[in-house]
Each structure stands twice: as C-alpha cells, then as structure tokens.
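Please read the structure below before turning to the comments.
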Amino acid sequence: MHEKGRGTIVGVRKDDGAATTSAELRAHNLARLLRAVHDGGGQLTRAELTRRLSLARGTATVLVRDLAGRRLIEELAGPVDATVQRARGRPTGVPSAHVRGPVALAVDLRDDSFTVAVFELTGRCTVLDRQERDAESGTGMLTDVADRLRIRGRQFGDRVIGVGIAVPSPVRGSTMVQPTLTEWQDVDVTAALGPSLACGPVLTGNDATLAGLAEARRGVLRGVPVALHLHVATGIGGVLLADGLPVTGAHGSAGEFGHMPLTGSDEPCRCGSVGCWELDAGARGLLRAAGQPEHGDRMLQAEQVIATARTDPRSSRALGLAARALGRGIGALVNAQDPEAVGLSGLAAEVYQADPDAVTAGYLSTLMRFRRADPPALLPSTLGDLGALTGASELVFDAFLTPRGLSAWPAPEVRTEEKTA
Ligand SMILES: [Zn+2]
C-alpha cells in the first residue's frame, strides 16, 4: 500500500541518469556540462570540457549557447584567475558563472555565532554576514538567521536556487539530534528556516561532514578516491568520502569519530559514552591538558594555548599531548577505513601545523605495521573557515545540477517570453 501511495502522489519522473528520448538526452547533457563547469571552478575551456565529457564539438557549442541563453553561464575569454584579464564577448572561451546566474546561499551555524555566504555556480564565495550570538537564547539566534536569509533572499531574488545549512550537531535528516545547546535539541533546521525563503530547497548537514565534502570538491581531497576527513572544533567530527561522496550512514549521523574510545579510559563523556577521543584531542582535550576550565569560546581558548606554546612550557606540553592523541586516533581510523589520504580542518589543521612531529609520532604508533611504510598523507585544509560553508553550498548545487533541478531554473527572460507567447 505504501508503495502504491507513493507512486500515485509523487509525480513520476525518469531517473536523472537515464535519458531515452532526444529531449531527455539534451537535458542530461546540459546538466553534465553545467556540472563540469561547476566542478572545474570556471577554469576549464570549452575545448577541455568537450574532451572531458566526450561530446562532439558541435554538440558542445550548441549546449554552451543554450546554457548561456538561459543565463546559466557566460563565456569568458580566458580562465578567471588573478593572472588573466577578464574579458567578454569572445566566441571561444571559458564557460563561467553568469553575472545574473544561479547562486546558493549557505549558513555556517555554530553554538555562539553564524555566518551567511553566497556562492556562484563556479564556487566563488562572498561572505555576507557574520553575527555573534547576542540573542539570549539559541532559539533567538535561529530567528536572527531566518531574518538574514529573508534579507539576502530579497537581495538575490530568483537567482537563489536553495540554501545549505551546516549545523554543529549530528543530524537525522535535517533534525539536530544531539547539539551542545539544549534548546536546539530535536530542532528540524529545514522546517525552522525554510519559510524564510520562497525559492529553492533548504538543505541541512552536519558541519564536519560538510567540511569534508568541501575538501573533496574544492580542497585538498579533490580527486582522492577514498578519503577520510577530520574536522576538529570543540569536539571531533568528520566523514569518509568515497568518490567524493560522503558516507553519512543510514540516518545521516555517521562520522562522530570524537565519540569513539580511541585514546581514552573509562571516563564518562558528555555524549553518554565513555573514554571518548575528544576528551584527549580537539579543543576539549587541549584545554584539559592545559588545565584550563572551558569558558566562552572554547576554540578561541584552544587557539590561544597553541599560540603560547612556543613560550609557555605548560601550553607546549598540552599541545604535545593533544597532538599525540590526535595522531593516535587518526592511526586507528586509518586502520579501520583504509583511506588514500586524511584531510584535517579546524583545530586539527592548526594542531598539526603547530606540532607536526607529535601528531606524526602518535599516528605512526597506532598504524598497523604493514601501513607504516607508506602511510596515508595528512593534508591540512586550505579552505580555512570557508569549509563548512562551501560544503553547504555543494548540497544546494548537487540538487540543482540535474535535469530536474535545471528544469526549475526560472531564467526570467525566458519565462517572460513564455508568458507573452
Ligand atoms: Zn563522547
């Protein structure tokens, strides 16, 4: 009955990957080409895209023209980087983001602040708002996020194809199932923020998972077939990525590596388990090792310990202990998951860069012997604070860059023509 009900309620559409008619084939190729422009960050020439997608040259020309006519792309004369002058109107060039093309809004929600950014098709990011939590409550901060999204939604109008939200909690679907802030317990983020915007889906993911997704798409894990990513803030989260896709578990809440007993004893953890890795590594572990009670912004506190480690023996010792604990846990996870490389972001990157020898010593000490000759590289993120935001934007583009997603693109001029026709 359930199956039957679904079949009758949901509009039946063919799988996005299966194209049987020429119209479907065309829609499929348009989505593939636009996806390739997105993945390539607007740096690939039309010839390179044509080769990469095994398209006939004439077909690619027609597809590019079609996408340009729908304000999805515009062709520039050369790659958009610091060394190349941007110039328009040349027939052979680099398909790039249209100035009035689709954008994704992204939110990095944290316990004590939030950031809103906008991403163009090619991944170019502009941070729009950063706000500390001045609201008395976590609920108040969600209201502030909704207000900012409404304002930015009006600013970008029907260019907005959706909103991605990175949240500091394990999620089931779009619900925060174990946030640090008790008021956020069981809050469905999509339901809370969705009404802020008229257009596009609101998609929610765990911040560490999205940081990993960002590394696979735009960062140090790009092109790595099987990668492990670790994002360390107050706690430690992360994700295993297979062919660039996060393995998020049956409910979306995999990757809570900080709550595995990788280094600990029987000590109880805030999560309900015992001996958790984050008690020894991450901001929590670092502050404990430094003998500092946690107060206010734990990340800032932890960064201060790292910053004073060169001159203060107590900080130096704490950094060494936390770094070694970080490394030991990484070794255990590599034994379990056999990745090609391990990405590190947030405090993990900072700890690694501040004391690489201690991290490496811990790492090699727990790696199984057969892995030690050629251990997976530890790769500090280069995306900095933009990791979770970038991952959140990728959720939105993943939904958009399909035949179905593109069919909803309003393309104002086209729509007007249709109305008057
Ligand atoms: Zn725990």
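Just so you know, all these numbers are worked out from the coordinates, no wet-lab data involved. Predicted, not measured: the structure shown is a model, and the values here were computed from it. We place every Cβ from the backbone using ideal geometry, glycine too, and count neighbours over all the protein chains shown.
Given axes a ≥ b ≥ c from the Cα gyration tensor, I'd like to know whether the stretch 190-274 is rounded (a/c under 1.5), prolate (a/b larger than b/c) or oblate. It is oblate, given that a/c is not under 1.5 and a/b is not larger than b/c. The long axis of helix 356-366 is offset from the longest Cα principal axis of the chain by roughly 80 degrees. Ordering G327, T143, L44 by Cα displacement along the dipole of the chain toward the positive end leaves L44 in first place; charges were set at the Cβ atoms of Lys, Arg (+1) and Asp, Glu (-1). Structure remark: mean-square fluctuation, Gaussian network model of the chain, C-alpha springs under 10 Å; the largest value among R270, R124, R172 belongs to R270. Rounded to the nearest 20 debye, the dipole magnitude of the chain is 1540 debye, with +1 charges on Lys and Arg beta carbons, -1 on Asp and Glu beta carbons, and the Cα centre as origin. Listed from fewest to most Cβ neighbours within 10 Å, the set M260, M368 follows the order M368, M260. Projecting the Cα positions of G405, P339, L379 onto the charge dipole of the chain (unit charges on Cβ atoms of Lys, Arg, Asp and Glu, taken about the Cα centre) puts G405 furthest along the positive direction. From the alpha carbon centroid of the stretch 276-342 to that of the stretch 186-264 is 21 Å.
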